[in-house]
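The values are calculated or read from the model by the stated rules, or taken from the named source; none is laboratory data. Just so it is clear, the model here is predicted, and its values are computed rather than measured. Ideal geometry is used to build each Cβ from the backbone, glycine not excepted, and the neighbour counts take in all protein chains shown. Protein only, heavy atoms only, side chains kept; ligands, DNA and RNA dropped before computing areas. Shrake-Rupley method; radii C 1.70, N 1.55, O 1.52, S 1.80 Å.
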Amino acid sequence: MSRPDLLERIAAAQADLARDHLVRRLRTVGAADGPWLTLDGRRLLSFASNDYLGLAQHPALREALTAAAAQWGVGATAAHLLGGHRAPHAELEAALAAWTGREKALLFSTGYMANLGVLDALLGEGDLCVQDRLNHACLIDGARLAGCELKRYPHADADGAARQLAGTADAAALLASDGVFSMDGDVAPLAALAALCKREGATLMVDDAHGLGVLGPDGAGSLAAAGLTQADAPVLMATLGKALGVAGAFVAGPAVLIDALAQFARTHVYTTATPPALAAATLRAVAIARAEGERRERLMRLIALFRDGARAHGLALLDSPTPIQPVLVGDSGAALAAAAALEAAGFYVPAIRPPTVPQGKARLRVTLSAAHAPSDVERLLDALAAVLKATSLAPAGRGSG
Ligand SMILES: *Cc1c(COP(=O)(O)O)cnc(C)c1O
């Protein structure tokens, strides 16, 4: 018997990626200034960030961060339960619960950790987790970690979800969906999913990483936009590093759930609390996101401008009402070539390829921000039209990207 060598095996997997145009290249950004990035010494207009409201560099957030760092220092020094939970964390949890209309909220250091912690705490062997096929990777990983049965229904198909729940009628069940899908930008059929969960006695969990701050009254998210409450969707998770422009995540819901997660969510219990200054900056971000509806209005105008222009240019858009506006290319090599051509023209728009998206559905993931000017969007549209026309005329399978 000869034991397989782990490093050889992973190197072979890496070689397969290169063959299939699937290697992701790490780029180091030298400077960032609003939507502008400096990459390899060149200033590029970026349509890649999730900073939908343009808060990541807001002066009030910088000020809140530095003031709190002056007061609290940098590190939280311990886990929440062991002295790391500082006043800014407590104030932020209260503000997030109030914003989302939930009884309580609990902070996590990242969205990935939040989803792992929640699914692992709620589910175990013999339980059922039903998920949209296009859910974010960390929801899938959370169900795997929990050791429950995982079933994935066709994208946005509430009837498919209903069949999967009905098939295991006696198991405790969680239905988990992204509120806004991170690579497609469309909104889940939340009202149908909530009605289904009620009918089947299942619990609904929504990951609103891309909905919070963007959709709904006061930017309270995709559930609020659909008129759904804590009773309809008891488990709400959202991140603080997207529209809020900072970092971290939270879960909000009934007090019984949140109090139990503080005990059972291992990714909350066994990890250092985030720096209190980040919580202070996020608290400012929440206040601005709630109060400054004009940021959302500006964003919505840019989305409409982009979609109208894209249609006029004949670009392949998805059915997205959000700032995530992917342009489908299909082939991974062609998507890479298009991204490279856009970069040569002064734009940073990453190509997203499998396994992040399904086979044959490689795309340019355009994201818009309130920090963009209408003229930025118009320039991007012209460049996209020129580049995609050239790419579709180019011979297939070119380059070794
Ligand atoms: C970004 C994202 C996450 C992960 O959040 P992080 O804070 O970046 O770890 C989870 N779910 C969805 C849908 C996301 O888009």
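Using a cut-off of under 11 Å, list every residue of segment 74-112 whose amide N is near the label point 7 Å from the Cα of residue 259 along the Cα-to-beta-carbon line.
Of the residues in segment 74-112, none has backbone N under 11 Å from the label point off residue 259.
Using only alpha carbon pairs under 8 Å that are at least six residues apart, calculate the relative contact order of segment 90-151 and give it in whole percent. All intermediate terms of the calculation are to be shown ahead of the outcome.
Numbers: 68 pairs, mean separation 19.7, N = 62.
Computed over segment 90-151, the figure is 32 percent.
For the pair residue 390/residue 14, report the inter-label distance in nm, with labels modelled 7 Å from Cα in the Cβ direction.
3.2
Dividing the Cα convex hull volume of segment 59-291 by residue count, how many Å³ per residue is that? Numbers along the way, then the final one.
Working: hull volume 23.8 nm³, N = 233.
In segment 59-291, the Cα convex hull volume per residue is 102 Å³.
If you build a Gaussian network model of the chain, linking Cα atoms that sit under 10 Å apart, which residue out of 55, 244, 196 swings the most?
196
For segment 37-159, what class follows from the C-alpha gyration tensor (a ≥ b ≥ c being the square roots of its eigenvalues): rounded when a/c is under 1.5, otherwise prolate if a/b is larger than b/c, else oblate?
Numbers: a/c = 2.21, a/b = 1.33, b/c = 1.66.
Oblate, because a/c is 1.5 or more while a/b does not exceed b/c.
For labels at residue 191 and residue 317 in the simple 7 Å Cα→Cβ model, what's the distance in nm?
If labels sit at residue 191 and residue 317, their model points lie 2.3 nm apart.
What spacing in nm lies between the two simple spin-label points modelled at residue 43 and residue 305, each 7 Å away from Cα in the Cβ direction?
Each label point is offset 7 Å from its Cα along the Cβ direction, giving 1.9 nm.
Long-range amide H contacts for residue 212: which residues qualify at under 5 Å (H placed 1.01 Å from N, peptide plane, sequence gap of 5 or more or a different chain)?
HN-HN under 5 Å from residue 212: 222.
Quote to one decimal, in nm, the extra length available between residue 356 and residue 33 on full extension: 0.36 nm per residue of separation minus the C-alpha distance between them.
Working: separation 323, 0.36 × 323 = 116.28 nm, distance 2.78 nm.
Once the chain is fully extended between residue 356 and residue 33, it gains 113.5 nm.
Please compute P(r) over all alpha-carbon pairs of segment 340-388, binned at 5 Å starting from zero, and give each bin as a whole-number percent.
Distribution as computed: 5, 19, 26, 23, 16, 9, 2 percent.
For the chain, give the magnitude of the charge dipole about the Cα centre (Cβ charges: +1 Lys/Arg, -1 Asp/Glu; no others), in debye to the nearest 20. Display every interim value, and only then the final one.
Working: 36 positive and 39 negative charges, 176 e Å.
My answer is approximately 840 debye.
What is the extension gain from residue 125 to residue 269, computed as 0.36 nm multiplied by their sequence separation minus the C-alpha to C-alpha distance, in nm to one decimal? Provide the component values of the computation, followed by the final result.
Working: separation 144, 0.36 × 144 = 51.84 nm, distance 2.17 nm.
Using 0.36 nm per residue and subtracting the Cα-Cα distance, I get 49.7 nm.
Normalised by the number of residues in segment 59-291, what is the relative contact order in percent for Cα pairs under 8 Å and 6+ residues apart?
31 percent.
Compute the Cα gyration tensor for segment 302-368, then decide on rounded, prolate or oblate, letting a ≥ b ≥ c be the square roots of its eigenvalues: rounded whenever a/c is under 1.5, prolate when a/b is larger than b/c in the other cases, and oblate in all that remain. All intermediate terms of the calculation are to be shown ahead of the outcome.
Values: a/c = 1.78, a/b = 1.28, b/c = 1.39.
The shape class here is oblate.
Classify the chain from the C-alpha gyration tensor, please: rounded if a/c falls under 1.5, else prolate or oblate depending on whether a/b exceeds b/c. Walk me through the intermediate numbers first.
Numbers: a/c = 1.45, a/b = 1.21, b/c = 1.20.
Here the chain falls in the rounded category.
For the chain, what is the accessible area per residue in Å², given a 1.4 Å probe and the full set of protein chains?
Values: 17720 Å² over 401 residues.
On a per-residue basis, the chain sits at 44 Å².
Summing -39500 (n - 2.57) over the DSSP H runs of n ≥ 4 in the chain and dividing by its residue number, what mean residue ellipticity at 222 nm do you reach, to the nearest 500 deg cm²/dmol? It would help to have the intermediate numbers written out before the result.
Numbers: 14 runs with 173 residues, N = 401.
The helix-only estimate for the chain comes to -13500 deg cm²/dmol at 222 nm.
Among 201, 131, 69, which residue has its Cα positioned farthest towards the positive end of the charge dipole of segment 59-291, with +1 placed on the Cβ of Lys and Arg, -1 on the Cβ of Asp and Glu, and the dipole taken about the Cα centre?
Highest projection toward the positive end goes to 69.
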